[in-house]
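A.B. asks: Handing you this structure, nothing more for now.
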Amino acid sequence: MSKSRRQFLAATSLTLLGAAAASLSKAQVSADLPPGSPSAFGTGPVVGPQVTVSTFAEAEKLVQVSLSNAERTMAAASWRKTMAGLYERRTGPRKLALEASLAPGSRWDPVLPGQRTLPQGDRFIRSKADPGALPANDEDIAFAPVTQLSRWIETRKLSSQRLTNLYLERLDRFNPKLRCVITLTRELALAQAKKADDEIAAGKYRGPLHGIPWGTKDLLDTAGIPTTYGAEPFRNRVPREDAVVVKRLNEAGAVLVAKLSLGALALNDVWFGGQTMNPWLPEEGASGSSAGPGAATAPVWWASPSEAKLAAAL
C-alpha cells in the first residue's frame, strides 16, 4: 500500500533521527573524553555494587515512590550500566591517587604565585580600636558586637557574670515564643562566668573570647549535657566528651549559655520541641538547619500588631 505524504515524512524523519543518534552515540564512545566526563548514557562500563529487586523495594520506602515488579526488575538489571556511572563523574576513585599532603577543598588561598603571602590562617590579629564607653542600658549592651564586649570584659568595665545573666534573661523571655533553645545551661554558664571574672581580676586573661557567652547548635557534643540533634530518638542522649569546637571554646574561657535548636537531624526548623520561629516574622518558621542559632542571635523586630507588647519589651 502506498504511503501518504504525511506518513512518508514521519517515517523518514524518525529513520534519520535514529541514524543520527546512533552515530552520535558511537562518536561519544570512541571519543577521547577528558577525565571527569561521563560516558554516553548506557554505554559506560558496569560499575558499582550489585543491586537486586529487593534493593529497589527498600529504596522506595526512603524516597516515597512506588515501582511495579517489572520496573524494579528492569532497574536492577540495568542500574550498574546506565546509572551508577553517572554518580562518579570521573574515571573512578580507585584509579585516582591523592597525595597525603593535599589540602581539602575547603582551603582557600587567594595569593597568586610570586606574590607576597598573607598571614597564616590560624593567626589571629585583634583590632586595637577603642570600644567606647559602656552603654547605660542592658539592651544596648546585649546588641553590642563581640569586639566591644570583649574589650569591656578585658578592661573590667563589664563583668562576664553581668553579661551572662543578661543573655540568660533574654533567652528566658523570648524562647517561649521562638523555641530556639533545646537545653539552657544556666548553672554551667554562671559558674564559667564567675571563673572568667576571677581569672581576669587575677591577671590571667585568656584572650578575646574570655568571658564571652555563646550558644552552640545542638549538633556539637557537650560532655554531661544532652546533645539531641533535635531528633526525638536522641532526646536523652548525653555525650561523655566535648566536641573539639567545644573544647577549644572552653579553653578560650568562653561561657556556654545554651544548646540551640536545629531541625531534626539538621533538616529544616522542626524539632521534638516544636518549630523554631523567625524573630522578624514570628508567624513563620526560622528555616534551617541552624534555626536556633539564627533566631537566638538575630536582631528582633516584631512587625505584627499582635506583638506590640513584646516589641515594647525589647
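The values are calculated or read from the model by the stated rules, or taken from the named source; none is laboratory data. What you are looking at is a predicted structure, and each value in this text was computed from that prediction instead of being measured. We place every Cβ from the backbone using ideal geometry, glycine too, and count neighbours over all the protein chains shown.
A.B. asks: Please return the ranges of helices (runs of 4 or more DSSP H) entirely within segment 48-150 where 2 or more residues are modelled with pLDDT of 75 or more and surrounded by 10 or more Cβ atoms within 10 Å (Cβ to Cβ).
C.D. replies: Numbers: elements: 53-63, 69-82, 84-88, 138-142.
Here the list reads 53-63, 69-82, 138-142.
A.B. asks: Anything in segment 133-159 that is hydroxyl-bearing (Ser, Thr, Tyr) and either under 29 Å from the mean Cα position of the chain (by Cα) or not assigned by TED's automatic domain parsing to the domain that holds Val257 (or both)? List them, or say none. Walk me through it before giving the result.
C.D. replies: Residues of segment 133-159 hydroxyl-bearing (Ser, Thr, Tyr): 147, 150, 155, 159.
If the condition is that a residue be hydroxyl-bearing (Ser, Thr, Tyr) and either under 29 Å from the mean Cα position of the chain (by Cα) or not assigned by TED's automatic domain parsing to the domain that holds Val257 (or both), then Thr147, Ser150 are the ones that fit.
A.B. asks: What is the residue count in segment 179-209 for residues that are more than 23 Å from Ser287 (Cβ to Cβ), in contact with a Lys or Arg (Cβ under 9 Å, 6 or more places away or on another chain) and in contact (Cβ under 8 Å) with a residue 24 or more places away in the chain?
C.D. replies: At the first step, the residues of segment 179-209 found to be more than 23 Å from Ser287 (Cβ to Cβ) are 185-209.
The next check asks that each one be in contact with a Lys or Arg (Cβ under 9 Å, 6 or more places away or on another chain); those that pass are 185, 193, 196-201, 207-208.
Still in the list and also in contact (Cβ under 8 Å) with a residue 24 or more places away in the chain: 185, 193, 196-197, 199-201, 207-208.
Going through segment 179-209 one residue at a time, the tally reaches 9.
A.B. asks: Which pairs turn up if I take residues in segment 139-160 that are in contact (Cβ under 8 Å) with a residue 24 or more places away in the chain and under 12 Å from Val255 (Cβ atoms) and look for partners that are part of a helix (DSSP H, G or I) and among the polar types (S, T, N, Q) with beta carbon separation below 9 Å, at least 6 apart in sequence or on another chain?
C.D. replies: Correct list of pairs: Ile153/Ser160; Ser160/Gln192.
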